[in-house]
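J.: Right, I'll just put the structure down here and ask away after.
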Amino acid sequence: MTAQTQNSPVAVEAIDLVKDYGEADTVVHALRGVNVRFERGRFTAIMGPSGSGKSTLMHTLAGLDNATSGRIILDGVDITAMNDKQLTLLRRHRIGFIFQSFNLLPMFTAEQNIVMPLTLAGGRPDRKWFDLLVDTLGLRDRLDHRPSEMSGGQQQRVAIARALISKPAVVFADEPTGNLDSSSSAEVLEFLRRSVRDLGQTIIMVTHDAVAASYADRAIVFADGRIVADEASPSAERMNELLTTQRRRTAAMSGAPTMAQLMDVPVPPLAVSSRNSEQSGR
């Protein structure tokens, strides 16, 4: 844990966090005693090979999944001590979510989708905050449009505004560019970064994309339920290097051959003989 992490205000923290699925011989250790802090007003990416535990960490931090043991402190409150009703209220008022599939309501306009969390809670938007979000995300001329009338990048920007409208303590983004082309992905990632820089938001993003991670202030690499790297100001090249290393280690531990090994496999004698026979028969 870096000194910067220790001295900065904390939005959410995991303490000795454990998450197991199953039991006895079938138990899967998704999180193995994770300790990590996420600072306020920072953009953090979480990466790792498939099955590494990165999505489990996000779901547990957001109160979508229960921890087996350990504690989660979100906005100064221990959410592991909360019941289902308390967690529902916490997610409604203090947590924002951005999903890969946008999850916009097709019959409503962009403006109606943005304010939907407040509408469901019986509240009204702070118009100054609403206007700031709309202008920062470049949505002013799209407020009357329905999702079918917008591009994928525009829909995801609406989803970002919806996640921020209630001024949450932290926003969790689950593969937010997974359904977008490269141009739209860059657009959305830049707006996420601006949401942190200009609006003071706190964003934790799970992604498999090293380029996406390079937009973050910090990137954490997960493997086998543990944090194996913690990079400040990550570059796409560095994140690709770390991910490749972890994939090779995972393959070595499982006994599966790596791609390099597969490319170096000699041609079996029988195949050589068959090829020679074919050539001699031409």
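The values are calculated or read from the model by the stated rules, or taken from the named source; none is laboratory data. This one's a predicted model, so the numbers in the text were calculated from it and none came from an experiment. All Cβ positions, even for glycine, are placed from backbone atoms using ideal geometry, and neighbour counts span all protein chains on display.
J.: Determine if segment 77-88 includes at least one residue that is surrounded by fewer than 17 Cβ atoms within 10 Å (Cβ to Cβ), out of contact with any strand residue (DSSP E or B) (no Cβ under 6 Å at 6 or more places or on another chain) and within 23 Å of residue 219 (Cα to Cα).
T.: No: segment 77-88 contains no residue that is surrounded by fewer than 17 Cβ atoms within 10 Å (Cβ to Cβ), out of contact with any strand residue (DSSP E or B) (no Cβ under 6 Å at 6 or more places or on another chain) and within 23 Å of residue 219 (Cα to Cα).
J.: Could you say which residue among 183, 214 is of a type in the set (S, T, N, Q) and at pLDDT 95 or above? Write out each step before concluding.
T.: Details: 183 fails: at pLDDT 95 or above.
The unique qualifying residue is 214.
J.: Among the listed residues 110, 81, identify the single one that is on the phi < 0 side of the Ramachandran plot, at pLDDT below 95 and of a type in the set (Gly, Ala, Ser). Explain how you work it out, then say what you get.
T.: Details: 110 fails: at pLDDT below 95.
After applying the criteria, what remains is 81.
J.: Something else about it: Applying the selection to segment 224-239, what residues are under 13 Å from residue 57 (Cβ atoms) and either of a type in the set (Phe, Trp, Tyr) or crowded, with 23+ Cβ neighbours inside 10 Å (or both)?
T.: 225
J.: Continuing with this model, one more query. Quick one: which of 249, 282 is modelled with pLDDT under 95 and closer than 26 Å to residue 28 by Cα? Before you say what the answer is, go through the steps one by one.
T.: Details: 282 fails: closer than 26 Å to residue 28 by Cα.
The unique qualifying residue is 249.
J.: What pairs can you find where one residue is in segment 124-137 and among the β-branched types (Val, Ile, Thr), the other is part of a loop (DSSP other than H, G, I, E, B), and their Cβ atoms are less than 7 Å apart, with a gap of 6+ or different chains?
T.: If the second residue must be part of a loop (DSSP other than H, G, I, E, B), the pairs left are 134/143.
J.: Go through segment 117-140 and give me each residue that's touching a Leu at 6+ places or on another chain (Cβ under 7 Å) and loosely packed, with under 12 Cβ neighbours inside 10 Å.
T.: The one that is touching a Leu at 6+ places or on another chain (Cβ under 7 Å) and loosely packed, with under 12 Cβ neighbours inside 10 Å: 124.
J.: Checking the conditions here, which among 72, 114 is within 22 Å of residue 165 (Cβ to Cβ) and surrounded by 19 or more Cβ atoms within 10 Å (Cβ to Cβ)? Give the steps one after another, and end with the answer.
T.: Values: 72 fails: within 22 Å of residue 165 (Cβ to Cβ).
Checking each option against the conditions leaves just 114.
J.: Give me the pairs, please: first residue somewhere in segment 138-156 and among the hydroxyl-bearing types (Ser, Thr, Tyr), second residue anywhere and part of a helix (DSSP H, G or I), beta-carbon distance under 7 Å, and either six or more positions apart or on two chains.
T.: 151/184
J.: Filter segment 20-74 down to the residues that are in contact (Cβ under 8 Å) with a residue 40 or more places away in the chain and among the acidic types (Asp, Glu), then identify the one that is farthest from residue 96 (Cα to Cα).
T.: Filtering first and then ranking leaves 20.
J.: When segment 70-97 is examined, which residues are found to be touching an Asp or Glu at 6+ places or on another chain (Cβ under 7 Å) and more than 28 Å from residue 239 (Cβ to Cβ)?
T.: Within segment 70-97, 71, 94 qualify.
J.: Just to check your reading of the model, which residue among 19, 54 is in contact with an Asp or Glu (Cβ under 9 Å, 6 or more places away or on another chain) and either at pLDDT below 95 or closer than 30 Å to residue 252 by Cβ (or both)?
T.: On the way: 54 fails: in contact with an Asp or Glu (Cβ under 9 Å, 6 or more places away or on another chain).
Only one candidate passes the filter, namely 19.
J.: Six or more apart or on different chains, Cβ under 7 Å: which pairs go from a residue in segment 207-223 that's free of Cβ contacts under 8 Å to residues at least 40 places away in the same chain to one that's outside any strand (DSSP E or B) and of a type outside the set (D, E, K, R)? Could you list them?
T.: If the second residue must be outside any strand (DSSP E or B) and of a type outside the set (D, E, K, R), the pairs left are 209/177; 211/236; 214/234; 214/235; 214/236; 214/239.
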